[in-house]
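Report on the following structure.
The values are calculated or read from the model by the stated rules, or taken from the named source; none is laboratory data. From a predicted model like this one, the values you see are computed outputs, not experimental measurements. Cβ: placed from backbone, ideal geometry, glycine included. Neighbour counts: every protein chain shown.
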Protein chains: 2
Amino acid sequence: MTDKDGVVFIGNKPPMNYVLAVVTQFHSGSTVVHIKARGKAISRAVDVAEIVRNRFIEDVKPVKINISTEVLKGENNEDINVSAIDIELSK
Amino acid sequence: MTDKDGVVFIGNKPPMNYVLAVVTQFHSGSTVVHIKARGKAISRAVDVAEIVRNRFIEDVKPVKINISTEVLKGENNEDINVSAIDIELSK
(Lines give C-alpha, C1' and ligand atoms only; values in the text may rest on other atoms or scores of the structure.)
Protein backbone atom coordinates (compact mmCIF):
# COMPACT_ATOMS: atom_id res chain seq x y z
CA MET A 1 0.00 0.00 0.00
CA THR A 2 1.28 3.46 -0.93
CA ASP A 3 0.21 6.93 0.20
CA LYS A 4 -1.94 7.32 -2.89
CA ASP A 5 -4.00 4.25 -2.06
CA GLY A 6 -7.47 4.93 -0.73
CA VAL A 7 -9.13 2.91 2.03
CA VAL A 8 -12.83 2.55 2.83
CA PHE A 9 -13.86 0.69 5.98
CA ILE A 10 -17.28 -0.96 5.71
CA GLY A 11 -19.65 -0.64 8.68
CA ASN A 12 -23.39 -1.03 9.17
CA LYS A 13 -24.68 1.77 6.95
CA PRO A 14 -26.46 1.07 3.65
CA PRO A 15 -24.05 -0.06 0.87
CA MET A 16 -24.55 3.09 -1.25
CA ASN A 17 -22.86 5.22 1.44
CA TYR A 18 -19.67 3.22 0.97
CA VAL A 19 -20.06 3.04 -2.82
CA LEU A 20 -20.05 6.85 -2.84
CA ALA A 21 -16.92 6.92 -0.65
CA VAL A 22 -15.07 4.55 -3.01
CA VAL A 23 -16.14 6.43 -6.16
CA THR A 24 -15.07 9.73 -4.56
CA GLN A 25 -11.62 8.36 -3.77
CA PHE A 26 -11.11 7.21 -7.37
CA HIS A 27 -12.29 10.58 -8.67
CA SER A 28 -9.90 12.44 -6.38
CA GLY A 29 -6.85 10.70 -7.83
CA SER A 30 -6.49 7.29 -6.18
CA THR A 31 -5.75 4.47 -8.62
CA VAL A 32 -6.14 1.85 -5.91
CA VAL A 33 -8.84 1.69 -3.23
CA HIS A 34 -8.93 -0.95 -0.49
CA ILE A 35 -12.38 -1.97 0.74
CA LYS A 36 -11.97 -3.45 4.23
CA ALA A 37 -14.49 -5.17 6.47
CA ARG A 38 -14.76 -7.53 9.43
CA GLY A 39 -17.36 -10.06 10.51
CA LYS A 40 -20.87 -9.69 9.11
CA ALA A 41 -19.89 -6.56 7.16
CA ILE A 42 -17.81 -8.76 4.81
CA SER A 43 -20.87 -9.51 2.64
CA ARG A 44 -21.53 -5.78 2.35
CA ALA A 45 -17.91 -5.18 1.30
CA VAL A 46 -18.40 -7.56 -1.64
CA ASP A 47 -21.68 -5.80 -2.52
CA VAL A 48 -19.89 -2.42 -2.50
CA ALA A 49 -17.06 -3.66 -4.75
CA GLU A 50 -19.55 -5.19 -7.21
CA ILE A 51 -21.79 -2.09 -7.32
CA VAL A 52 -18.80 0.22 -7.94
CA ARG A 53 -17.55 -1.99 -10.75
CA ASN A 54 -20.89 -2.76 -12.43
CA ARG A 55 -22.66 0.58 -12.11
CA PHE A 56 -20.16 3.40 -11.60
CA ILE A 57 -16.57 2.85 -12.77
CA GLU A 58 -16.43 0.03 -15.27
CA ASP A 59 -12.64 -0.06 -15.67
CA VAL A 60 -11.87 -0.91 -12.04
CA LYS A 61 -11.11 -4.51 -11.16
CA PRO A 62 -10.69 -6.43 -7.91
CA VAL A 63 -6.99 -7.18 -8.48
CA LYS A 64 -6.36 -8.78 -5.11
CA ILE A 65 -8.62 -10.11 -2.37
CA ASN A 66 -7.13 -11.10 0.98
CA ILE A 67 -8.88 -12.82 3.87
CA SER A 68 -7.49 -13.03 7.38
CA THR A 69 -8.39 -13.49 11.03
CA GLU A 70 -8.12 -10.63 13.52
CA VAL A 71 -8.08 -11.18 17.27
CA LEU A 72 -10.20 -8.69 19.22
CA LYS A 73 -10.68 -8.40 22.99
CA GLY A 74 -14.13 -9.21 24.35
CA GLU A 75 -15.94 -7.68 27.34
CA ASN A 76 -14.17 -9.94 29.81
CA ASN A 77 -10.82 -9.51 28.07
CA GLU A 78 -11.18 -12.85 26.27
CA ASP A 79 -9.90 -13.27 22.72
CA ILE A 80 -12.47 -13.14 19.94
CA ASN A 81 -11.50 -14.28 16.44
CA VAL A 82 -13.09 -12.24 13.67
CA SER A 83 -12.69 -12.85 9.95
CA ALA A 84 -11.64 -9.92 7.81
CA ILE A 85 -11.46 -9.11 4.09
CA ASP A 86 -9.44 -6.62 2.07
CA ILE A 87 -10.66 -6.12 -1.50
CA GLU A 88 -8.14 -4.17 -3.58
CA LEU A 89 -9.88 -2.35 -6.43
CA SER A 90 -7.58 -0.95 -9.08
CA LYS A 91 -8.08 1.22 -12.17
CA MET B 1 -11.80 -26.48 -12.06
CA THR B 2 -11.10 -30.18 -12.60
CA ASP B 3 -13.03 -33.30 -11.58
CA LYS B 4 -10.86 -33.70 -8.52
CA ASP B 5 -11.78 -30.27 -7.19
CA GLY B 6 -14.20 -30.24 -4.27
CA VAL B 7 -17.00 -27.70 -3.85
CA VAL B 8 -18.82 -26.69 -0.68
CA PHE B 9 -21.81 -24.34 -0.93
CA ILE B 10 -22.35 -22.22 2.18
CA GLY B 11 -25.91 -21.83 3.48
CA ASN B 12 -27.45 -20.81 6.78
CA LYS B 13 -26.20 -23.61 9.04
CA PRO B 14 -23.52 -23.02 11.69
CA PRO B 15 -20.02 -22.59 10.20
CA MET B 16 -18.66 -25.83 11.72
CA ASN B 17 -20.99 -27.91 9.51
CA TYR B 18 -19.27 -26.48 6.43
CA VAL B 19 -15.81 -26.68 8.00
CA LEU B 20 -16.36 -30.41 8.43
CA ALA B 21 -17.47 -30.73 4.79
CA VAL B 22 -14.33 -28.95 3.56
CA VAL B 23 -11.99 -30.98 5.78
CA THR B 24 -13.67 -34.20 4.63
CA GLN B 25 -13.14 -33.30 0.98
CA PHE B 26 -9.43 -32.66 1.55
CA HIS B 27 -9.09 -35.94 3.46
CA SER B 28 -10.76 -37.89 0.68
CA GLY B 29 -8.23 -36.79 -1.90
CA SER B 30 -9.15 -33.33 -3.18
CA THR B 31 -6.19 -30.96 -3.39
CA VAL B 32 -8.45 -28.00 -4.20
CA VAL B 33 -11.77 -27.13 -2.54
CA HIS B 34 -13.95 -24.22 -3.65
CA ILE B 35 -16.02 -22.55 -0.93
CA LYS B 36 -18.94 -20.79 -2.61
CA ALA B 37 -21.55 -18.43 -1.15
CA ARG B 38 -24.05 -15.77 -2.12
CA GLY B 39 -25.46 -12.75 -0.30
CA LYS B 40 -25.27 -12.71 3.48
CA ALA B 41 -23.65 -16.16 3.55
CA ILE B 42 -20.46 -14.59 2.11
CA SER B 43 -19.25 -13.62 5.61
CA ARG B 44 -19.75 -17.21 6.75
CA ALA B 45 -17.75 -18.48 3.75
CA VAL B 46 -14.77 -16.39 4.88
CA ASP B 47 -15.22 -17.71 8.46
CA VAL B 48 -15.21 -21.30 7.14
CA ALA B 49 -12.03 -20.77 5.08
CA GLU B 50 -10.25 -19.17 8.03
CA ILE B 51 -11.31 -21.87 10.52
CA VAL B 52 -10.17 -24.67 8.17
CA ARG B 53 -6.81 -23.00 7.67
CA ASN B 54 -6.13 -21.93 11.26
CA ARG B 55 -7.48 -24.89 13.19
CA PHE B 56 -7.64 -27.97 10.98
CA ILE B 57 -5.35 -28.13 7.93
CA GLU B 58 -2.52 -25.66 8.29
CA ASP B 59 -0.98 -26.20 4.87
CA VAL B 60 -4.03 -25.09 2.87
CA LYS B 61 -4.07 -21.57 1.47
CA PRO B 62 -6.69 -19.39 -0.20
CA VAL B 63 -4.90 -19.30 -3.56
CA LYS B 64 -7.63 -17.45 -5.44
CA ILE B 65 -10.69 -15.49 -4.35
CA ASN B 66 -13.22 -14.37 -6.95
CA ILE B 67 -16.20 -12.10 -6.44
CA SER B 68 -19.04 -11.71 -8.90
CA THR B 69 -22.67 -10.71 -9.30
CA GLU B 70 -25.38 -13.27 -10.03
CA VAL B 71 -28.80 -12.31 -11.36
CA LEU B 72 -31.67 -14.21 -9.72
CA LYS B 73 -35.40 -13.98 -10.43
CA GLY B 74 -37.62 -12.48 -7.71
CA GLU B 75 -41.20 -13.36 -6.79
CA ASN B 76 -42.62 -11.14 -9.51
CA ASN B 77 -40.05 -12.28 -12.06
CA GLU B 78 -37.95 -9.16 -11.51
CA ASP B 79 -34.15 -9.34 -11.61
CA ILE B 80 -32.35 -9.39 -8.27
CA ASN B 81 -28.59 -8.83 -8.20
CA VAL B 82 -26.79 -10.91 -5.58
CA SER B 83 -23.08 -10.80 -4.83
CA ALA B 84 -21.19 -14.08 -4.79
CA ILE B 85 -17.78 -15.30 -3.67
CA ASP B 86 -15.64 -18.29 -4.63
CA ILE B 87 -12.74 -18.99 -2.27
CA GLU B 88 -10.33 -21.53 -3.74
CA LEU B 89 -8.47 -23.36 -0.98
CA SER B 90 -5.46 -25.39 -2.13
CA LYS B 91 -3.06 -27.80 -0.40
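List of remarks:
- Residue within the range A:12-25 that is away from chain B (no Cβ under 14 Å), in contact with a strand residue (DSSP E or B) (Cβ under 9 Å, 6 or more places away or on another chain) and among the small types (Gly, Ala, Ser) present: yes
- Counting the residues of the range B:13-67 that are outside any helix (DSSP H, G or I), in contact with a Lys or Arg (Cβ under 8 Å, 6 or more places away or on another chain) and among the polar types (S, T, N, Q) gives 2.
- Enumeration of residues in the range B:39-51 that are crowded, with 19+ Cβ neighbours inside 10 Å and either within 11 Å of the chain's Cα centre (by Cα) or within 7 Å of another protein chain (Cβ to nearest Cβ) (or both): B:ALA41, B:ILE42, B:SER43, B:ARG44, B:ALA45, B:VAL46, B:ASP47, B:VAL48, B:ALA49, B:GLU50
- Cβ separations smaller than 7 Å between residues 6+ apart or across chains give the following pairs from the range A:53-64 residues that are over 19 Å from A:LYS36 (Cβ atoms) and facing chain B (nearest Cβ under 10 Å) to residues that are modelled with pLDDT of 95 or more and not in a loop (DSSP other than H, G, I, E, B): A:ASN54/B:THR69.
- Checklist (1) more than 11 Å from every other protein chain (Cβ to nearest Cβ); (2) among the charged types (D, E, K, R); (3) in contact (Cβ under 8 Å) with a residue 12 or more places away in the chain; (4) not in a strand (DSSP E or B) applied to B:GLU75, failing item: (3)
- Given (1) at pLDDT 95 or above; (2) of a type outside the set (D, E, K, R); (3) more than 19 Å from A:ALA49 (Cα to Cα), index of the condition B:GLY39 fails: (3)
- Residue check for A:ALA84: closer than 21 Å to B:ASN54 by Cβ, within 11 Å of chain B (Cβ to nearest Cβ) and out of contact with any strand residue (DSSP E or B) (no Cβ under 8 Å at 6 or more places or on another chain): no
- When A:THR24, A:THR31 are checked against the criterion of being surrounded by fewer than 18 Cβ atoms within 10 Å (Cβ to Cβ), more than 14 Å from A:ILE87 (Cβ to Cβ) and touching a residue at least 40 places away in the same chain (Cβ under 8 Å), a single residue qualifies: A:THR31.
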